[in-house]
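Just so it is clear, none of the values below were taken in a lab; they were calculated from the coordinates. All values reported here derive from a predicted model rather than from experimental measurement.
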Amino acid sequence: MFCLFQFLDCLISGASSGLGLETTRALALRGVHVIMAVRNTDAGRNVKEEILKEIPMAKIDVMELDLSSMASVRKFASEYNSSGRPLHILINNAGVMATPFMLSKDNIEMQFATNHLGHFLLTNLLLETMKKTTREGNKEGRIVNLSSEAHRFAYTEGIRFDKIHDESGLTVKIQDLYSVEQDANRGPVAGGMIRIHCLKASIGSWIMWVRSYYL
Ligand SMILES: NC(=O)c1ccc[n+]([C@@H]2O[C@H](COP(=O)([O-])OP(=O)(O)OC[C@H]3O[C@@H](n4cnc5c(N)ncnc54)[C@H](OP(=O)(O)O)[C@@H]3O)[C@@H](O)[C@H]2O)c1
């Protein structure tokens, strides 16, 4: 089924498996041009090939992005922005959960670096492209942050920034991040041009959400 969606460009992080993969397939089926931002490009290309067998007209590109590395995020954003592509929808989907304590290349706790800082930097670096897209198309942009029911179990006082590198309590820390993402579920930003949504992981709910705005 191809329709109005075919004029949309959507970037999905962590698109080579799980919810990101299914989101890629669902949006491609509706004609959206999907940019799969993945750390393993071979896996990403395999997913793309599988989807193309099912949906030969799917428009999918695979680009390399390691959210745990700020250098990789900057490189990715620079390539995306200089490509001149529009960007209507950004889905911050990738994530790691309950990993043992480890540090990223930038010496930041891995879950915090990947799930939070990487997406924060990515979003900020792509914001001008999104604003330009909304201005030229006269259509609100969308940023979607994947969260979880786990946000209900976060510390009431919010993220303990002074304890990010404590090896204990990692699970609670990830719940704190989900909690922050829930707080980011708010109305228009960037002068009313872009709307930010936060979703507790549920594929059906956000596909409904995309449809409600773009049909
Ligand atoms: N499924 C659920 O029930 C559930 C519940 C609560 C919250 N969530 C949230 O929903 C999102 C998707 O969950 P999921 O179940 O689909 O997870 P998943 O199957 O584990 O997929 C996560 C994706 O993130 C990618 N990723 C991990 N680290 C990355 C990095 N440094 N840079 C770029 N990509 C990276 C993974 O890539 P690789 O394939 O290379 O590892 C993978 O494609 C996550 O943010 C998760 O926290 C899901």
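Name the lysines eligible as straight-distance cross-link partners of residue 200: C-alpha to C-alpha under 22 Å, and not fewer than 8 places from it in the same chain.
173
Counting only pairs 8 or more residues apart or on different chains, how many lysine pairs in the stretch 1-124 have their Cα atoms under 27 Å apart?
Working: 48/59; 48/75; 59/75; 75/105.
Lysine pairs meeting the criterion: 4.
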